[in-house]
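Encoded as structure tokens, the structure appears first; notes follow it.
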Amino acid sequence: MSSGSSPLIAHELLQGFLAPEPAVPSRLERLLPSSGTLPGLGRLGGRQPLARSLVSGLRSCGQVIFINNPLSGLLLLLAMTLQSFWASGFTLLGIVAAQLCARAIGADRQARRHGIYGFNGALVGSAVACFADLDSGTRPWLWLLLVLLGAGLTTLLVDGLGRWLVRRFGLPPLTLPFCLVSWALLLLASALAHPELKLLPASQPVLVHGPLLALLQALPTGFGQVFLLPGVLSGTVVLLAVAIASPLAALVGLAGGLVGAVTGLLLGAPAASVAQGLWSYNGVLTAIAVAGIFYPLNRLSLIAGLGAAAFSSLLTMPLAAPLGLLTGAGQPLPLLTLPFIVATLLTLLVLRRTQPALVPVGLHSILTPEEHRHRFDVARRLMADFRRQLRGSLAGDRYPSLLAQAEPAQVAELEALFGSLDRNRDRRLSVCELATGLEDRVAGAVGVGQEQLALVLAAIDLDGDGSVDVVEFSELMLRLRRLRAGEERLLQYLLPIDGDGNDRLDATELNRLLRSVGQPPLEPREQQHLFGDQALRGLSWKQFLDRLLLI
């Protein structure tokens, strides 16, 4: 069907012929009910502010490692408690302060509920618990005050610096607010030299015999060090917290941590520091960020993510040098997550410029690596169907490919639907019969133009004999069912492809979409058949969905 004849309403109106389908949990959700973001937990508390705040706080804890899951957040707090009560207590304090500040400045409610404004504050609390001398008999009140002030400041930085980075470069602030605030607090504590603000002396890593043992220990401790937890047990619980929400994130993080640790050993890092996770935690974060969060997990993004993980280790010593010039209590400032931040942001910029076919995840629609991969798979399947239909349409060889694969129950259901529309029982659908069927089933369908419905019927007429039989109608309904099941994910996947932000898809953008899922670009005759006289203006999203259905 050429662009000049494609109705804007076809895929929306025709959905009235399909019965609503109940949401079916994915295979992962059936095997692992804790996976995903668990949106239902946010509704359990109803209108109780305390319950909602608790769930948001737990999400904040998980967002430190890109996991928006309250059960994971609970496990992460357990991991901190296993290390010390100060770690979990100060982390909670940081979350509360950051979230309250976000509410006070009127930050976006959805972002607050998903923990976006709380995870930097959580890390400030963890950092203070890690570097402050809290067990020497001194009172912790000044440290508590600094955590409150520092966590609140991270919210201001997320709202100010973070928004600027997104607007100017399309990049997230990641944990940069945490790093800036934590360094400021350590320098302040050192400058004040107050007896209640003592810092712990640098600890010496425990001796480890051999690089292989160091690498084995680096796998769990790399996850733990994301929260500044050096213990193997705590790190194992952090890994478990990630795995119950996103097995893909856990696997990618393990691979990234291993690459970071191996890179550290090749650079001559002591086996003891590698075993403690100091050369792997940035790799864990970087790999998950690149190959699962900001890009769907596929071969190219995995290679980029693991390369970025190695890069984060390569950056460790160059970035440590300038921080060594700033000392607190006679010690250089810690790196914290600076290598992860630099490696991830530079990788995202490089991929954007050199790999246009690698489609990023929109910052507004980030969920889990599994969901991002699902969007990619839906786009790949629908675009493969679309390309086959487009070539068949041009060759005059349109055949009911989906109907041949349908289950007998589905075929019987569609035949019954066709029979209910075929009022005169001639085994052919007319414009009047289609209009009557729509008016009976679809609110607002009364008065739909006969010309538009004739165009829809012409598009359904696969063999071009001038009429629509049960086979052709059933094929359309199967296409529509597949499109409806994947429509939301497809749109979420292709929105970042709309480079000019005009909510339309032009030929260049469509070719990028095709390349991203392994399809060749449009040939000139395919482009003309698809766009017609709208080649310059492009297709709206509704027009594009109509092409997928009716081409």
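Within the range 496-514, residues that are at pLDDT below 90 sit with their Cβ atoms under 8 Å from residues that are part of a helix (DSSP H, G or I) and of a type in the set (Asp, Glu), at 6+ positions apart or across chains, in these pairs: ASP498/GLU509; GLY499/GLU509. When each of LEU71, LEU82, LEU58 is tested for being open to solvent by 10 Å² or more (accessible area, probe 1.4 Å), more than 26 Å from PRO173 (Cα to Cα) and in a helix (DSSP H, G or I), the lone residue that passes is LEU82.
Residue by residue through the range 329-346, note down the ones that are more than 17 Å from the chain's Cα centre (by Cα) and in a helix (DSSP H, G or I). Correct list: LEU338, PRO339, PHE340, ILE341, VAL342, ALA343, LEU346. Number of residues in the range 101-132 that are open to solvent by 30 Å² or more (accessible area, probe 1.4 Å) and either outside any helix (DSSP H, G or I) or more than 16 Å from LEU156 (Cα to Cα) (or both) equals 9.
The residues of the range 312-352 that are surrounded by fewer than 19 Cβ atoms within 10 Å (Cβ to Cβ) and of a type in the set (Gly, Ala, Ser), listed by number, are ALA320, ALA321, GLY324, GLY328, ALA329, GLY330. Scanning the range 453-495 for residues that are of a type in the set (S, T, N, Q), surrounded by 18 or more Cβ atoms within 10 Å (Cβ to Cβ) and more than 33 Å from the chain's Cα centre (by Cα) yields a single hit, SER474. Contact map, the range 431-442: first residue under 16 Å from LEU476 (Cβ atoms) and open to solvent by less than 20 Å² (accessible area, probe 1.4 Å), second residue of a type in the set (D, E, K, R) and modelled with pLDDT of 75 or more, Cβ cut-off under 7 Å, separation 6 or more or different chains; pairs are GLU433/ASP422; GLU433/ARG423. Here PHE66 meets each of (1) assigned to a helix (DSSP H, G or I); (2) closer than 20 Å to ILE288 by Cα with one exception, condition (1).
What about GLY501, is it surrounded by fewer than 18 Cβ atoms within 10 Å (Cβ to Cβ) and more than 25 Å from PHE294 (Cβ to Cβ)? No; evaluated as a whole, the condition is false for this residue. Of everything in the range 421-430 that's basic (Lys, Arg) and closer than 12 Å to VAL468 by Cα, which residue is most open to solvent (accessible area, probe 1.4 Å)? By that ranking, first place goes to ARG427.
Taken across the range 517-535, residues that are over 30 Å from LEU297 (Cα atoms), among the basic types (Lys, Arg), in contact with a helix residue (DSSP H, G or I) (Cβ under 9 Å, 6 or more places away or on another chain) and assigned to a loop (DSSP other than H, G, I, E, B) do not occur at all. Which one of these is part of a loop (DSSP other than H, G, I, E, B) and within 30 Å of LEU278 (Cα to Cα): LEU367, LEU349, LEU358? Criteria check complete, one pass: LEU367.
Regarding THR154, is this residue under 19 Å from ALA87 (Cα atoms), touching a residue at least 24 places away in the same chain (Cβ under 8 Å) and not in a helix (DSSP H, G or I)? Against the criterion (under 19 Å from ALA87 (Cα atoms), touching a residue at least 24 places away in the same chain (Cβ under 8 Å) and not in a helix (DSSP H, G or I)), THR154 does not qualify. Counting just the residues of the range 353-410 that are among the basic types (Lys, Arg) and open to solvent by 40 Å² or more (accessible area, probe 1.4 Å), which one comes out farthest from ALA287 (Cα to Cα)? If we take residues in the range 353-410 being among the basic types (Lys, Arg) and open to solvent by 40 Å² or more (accessible area, probe 1.4 Å), then ARG398 is farthest from ALA287 (Cα to Cα). Inside the range 246-278, residues that are open to solvent by 30 Å² or more (accessible area, probe 1.4 Å) and free of Cβ contacts under 8 Å to residues at least 12 places away in the same chain make up a count of 3.
Here is the figure for the range 508-521: residues that are open to solvent by less than 20 Å² (accessible area, probe 1.4 Å) and either closer than 17 Å to SER393 by Cβ or β-branched (Val, Ile, Thr) (or both) total 3.
The values are calculated or read from the model by the stated rules, or taken from the named source; none is laboratory data. On a predicted model such as this, the values are computed, not experimentally measured, just so you know. Quick reminder, even Gly has a Cβ in these numbers, built from the backbone with ideal geometry, and neighbours come from all protein chains shown. Side chains included, ligands, DNA and RNA excluded: accessible areas come from the protein's heavy atoms. Shrake-Rupley method; radii C 1.70, N 1.55, O 1.52, S 1.80 Å.
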